[in-house]
Amino acid sequence: MHGASDSHPDIHWPSGFSPGHAHSFCQAQVVVHAPPAAAFALLTDVVRWPEWAAGVTDCRPGELEGTFRVHFHEHAFEVFFGERVEPNRLGWSVVGAGVQLYQAWLLTEVAGGTHVVSENVVRGPAARTLDARSPLWSRRLHALWLAQLKRLSESAAG
């Protein structure tokens, strides 16, 4: 367990993917000075991820509704929406490259904008190896994604 006690109580975890079952866990938060719908729109426009999500080089819809394929740091991943409640909740399962991941997003309206919480639970041999070699890598990447989400959401709303 890696920081599992830091998990936000309003995040919905699918069975087997709670922070207590993780080989790697990461949480990041930011306040975006835009309505939840602006951030939600960016997160769900998956074909545009390569424009702003560090490490994502290709992203396109999958063959089934609610699925998409992502190329991240030269690895292919299958992604399946697990939760989608516009404009406040998102969650997706990711499989590929020796990992299983669930990423949850909680977007809560606050005075002056949106409080965004994103959490990742990662399982599998690649997660254990990466966490052992570079425990801050996931946190830095998460912080970069949130900074980009903040910048673009505020630009779209402005």
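Here, each number is a calculation from the coordinates, and none is a lab measurement. Keep in mind that what you see is a predicted model, and the values were worked out from it rather than measured. Don't worry about glycine lacking a Cβ; one is built from the backbone with ideal geometry, like all the others, and counts go over all protein chains shown.
Below, the figures for the structure above:
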{"quantity": "Options [x] 1.07; [y] 0.98; [z] 1.44 - which one matches Cα Rg over 2.2 N^0.38 Å as calculated here", "calculated": "[y]"}
{"quantity": "Unit charges at the beta carbon, dipole of the chain: most positive-side option, Val117, His23, Ala104", "calculated": "His23"}
{"quantity": "Most to least packed among 108-116, 148-156 [average Cβ atoms within 10 Å]", "calculated": "148-156, 108-116"}
{"quantity": "Whole-number percent relative contact order across region 24-132, with pairs defined as alpha carbons under 8 Å at least 6 apart", "calculated": "29"}
{"quantity": "Dipole moment magnitude, nearest 20 debye, the chain about Cα centre, only Lys, Arg, Asp, Glu C-beta charged", "calculated": "400"}
{"quantity": "Surrounding net charge for Val117, when Lys and Arg each add one and Asp and Glu each subtract one, Cβ distance under 11 Å", "calculated": "-2"}
{"quantity": "Neighbour-limited loop hits for GluC sites (Glu not before Pro), region 14-65 (at most 16 other Cβ within 10 Å; DSSP other than H, G, I, E, B)", "calculated": "Glu63, Glu65"}
{"quantity": "Positive-end residue of Thr57, Val32, Phe77, charge dipole of region 17-87 with Cβ unit charges", "calculated": "Val32"}
{"quantity": "Euclidean distance of C-alpha centroids, region 109-126 and region 3-33, integer Å", "calculated": "7"}
{"quantity": "Extension gain (nm, one decimal) between Arg84 and Leu64, 0.36 nm per residue minus Cα-Cα", "calculated": "5.6 nm"}
{"quantity": "Simple spin-label estimate for Arg140 and Ala156 in nanometres, 7 Å along Cα-Cβ", "calculated": "2.8"}
{"quantity": "Net charge over other residues, Cβ less than 14 angstrom from the Cβ of Gly91 (K, R count +1; D, E count -1)", "calculated": "-2"}
{"quantity": "Cβ-defined net charge surrounding Ala38, 14 Å radius [Lys, Arg +1; Asp, Glu -1]", "calculated": "-1"}
{"quantity": "Degrees separating the helix 137-157 axis from the principal Cα axis of the chain, which is the longest one", "calculated": "20"}
{"quantity": "Under the Karplus curve 6.51 cos²θ - 1.76 cosθ + 1.60, θ = phi - 60°, whole-Hz ³J(HN,Hα) for region 54-60, x wherever Gly or Pro sits", "calculated": "3, x, 8, 9, 7, 8, 8"}
